[in-house]
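Q: Once you've had a glance at the structure underneath, I'll fire off some questions.
The values are calculated or read from the model by the stated rules, or taken from the named source; none is laboratory data. Owing to the predicted nature of the structure, the values given are computational and were not obtained by experimental measurement. Here the Cβ positions follow ideal geometry from the backbone for every residue, glycine too, while neighbour counts run over all protein chains shown. These area figures cover heavy atoms from the full protein model, side chains too; ligands, DNA and RNA do not enter into them. Shrake-Rupley method; radii C 1.70, N 1.55, O 1.52, S 1.80 Å.
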Amino acid sequence: SFQLTSKSALSFSLSPKFGFVQEKRTDLTTANDYDPLTNTNIQQNGLFNAEFGSYFFQDNFYVGAVIPNLLRNNIVGTNNVETYFSPKETGWFVHSGYEWKTNRANHLNASALVKSDLGSSLHAELNLLYQLNNRKFGFGGSYRTSRALLGIIKFTAFNQFSFFYSYQYNFSNLMNYQNGSHELMLVFDRKKNIMNFSGKRYTPRF
């Protein structure tokens with residue numbers, strides 16, 4: 001992490017990763033019982049990869065970018081693995097947010113996420129969260145380009161535990177097979193400064 005000004009910082013991370021792949025191909029039903037690709041199960045351990053991220057933040061704004069997998073690990077045939085780097089096949093995330101103080105105790109948070117990955121269309125999310133009583137209670141909503149709407153409720157206790165509940169309604173073709181989905185999330189905030197800006201606590205997320 002690098003402190004740029006008294007109220008802003010820039011950080012980078014590079015994390016190694018090791019993956020495990022298992023495919024039970026013998027459980028597949030095929031037209032040809034002697035297909036060599038389905039007569040053997042696959043177990044590959046210790047596939048090396050790495051994740052890269054960067055983050056800029058200040059007291060009321062953040063923007064970050066992440067590449068979850070710098071390398072591609074492709075299984076070829078029944079037991080060979082190709083590990084290589086390809087910019088055209090690299091997935092990425094970009095996320096950003098801003099906070100407005102509507103008065104001394106209430107805040108309005110807006111954030112957005114855009115992500116891309118090989119084999120899928122570009123995905124984006126827009127989020128709004130209005131927080132009352134110094135972030136003790138909040139409510140908001142999200143829109144996803146996968147044609148989904150979300151409603152969100154937040155409660156905070158002991159200044160460190162935040163509880164979120166959200167309900168997602170799909171108005172894509174999935175609505176023919178489900179009536180929505182529920183999500184529960186518990187967040188613990190350790191209340192430790194990432195960087196000490198004039199004695200105040202700043203966080204890159206809201």
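Q: Would you compute, for the Cα atoms of the chain, the largest minus smallest coordinate along each principal axis and list the three values in descending order, in whole Å?
A: For the chain, the Cα spread along each principal axis is 71, 45, 31 Å.
Q: Right, next: So if each residue of separation counts as 0.36 nm, and I subtract the Cα-Cα distance between Tyr167 and Ile153, what length gain in nm does that give?
A: Roughly 4.1 nm would be gained on extension.
Q: In Å², what does the accessible area per residue of the chain work out to with a 1.4 Å probe?
A: Result: 67 Å² per residue.
Q: Given charges of +1 on the Cβ of Lys and Arg and -1 on the Cβ of Asp and Glu, with all other atoms neutral, how large is the dipole of the chain about its Cα centre, in debye to the nearest 20?
A: For this selection, approximately 1280 debye.
Q: If contacts are Cα pairs under 8 angstrom and at least 6 residues apart, what is the relative contact order of the chain in percent?
A: 13
Q: Within the chain, what whole-number % of the accessible surface is contributed by carbon and sulfur, with the 1.4 Å probe and all protein chains included in the calculation?
A: Answer for the chain is 57 percent, counting heavy atoms of protein chains only.
Q: Determine the distance separating the Cα centre of region 148-185 from the Cα centre of region 28-50; give it in Å without decimals.
A: Region 148-185 and region 28-50 have Cα centres spaced 36 Å from each other.
Q: Go ahead and run the numbers for FRET between Asn103 and Leu4, Cβ-Cβ distance against an R0 of 22 Å, rounding to 0.05.
A: 0.15
Q: Which order, highest average first, do 130-143, 174-187, 43-56 follow once you tally other Cβ atoms within 10 Å for each residue and take the mean per peptide?
A: With the highest mean Cβ count within 10 Å placed first, the list reads 130-143, 43-56, 174-187.
Q: Would you calculate the separation in nanometres between label points at Ala124 and Phe12, each defined as 7 Å from the Cα along the Cα-to-beta-carbon direction?
A: Distance between the two pseudo-spin positions: 2.9 nm.
Q: Still on this structure, please answer the following. Could you compute the FRET efficiency for Ser146 and Phe93, with r as their C-beta to C-beta distance and R0 at 22 Å, rounded to 0.05?
A: 0.90
Q: Another question, if that's okay. Mean-square fluctuation check for the chain, GNM, Cα pairs under 10 Å: which of Asn170, Asn80, Asn69 is largest?
A: Asn80
Q: Another question, if that's okay. If the label point is 7 Å along Cα→Cβ of Ala112, which residues in region 49-66 have backbone nitrogen under 11 Å from it?
A: Backbone N within reach: none found.
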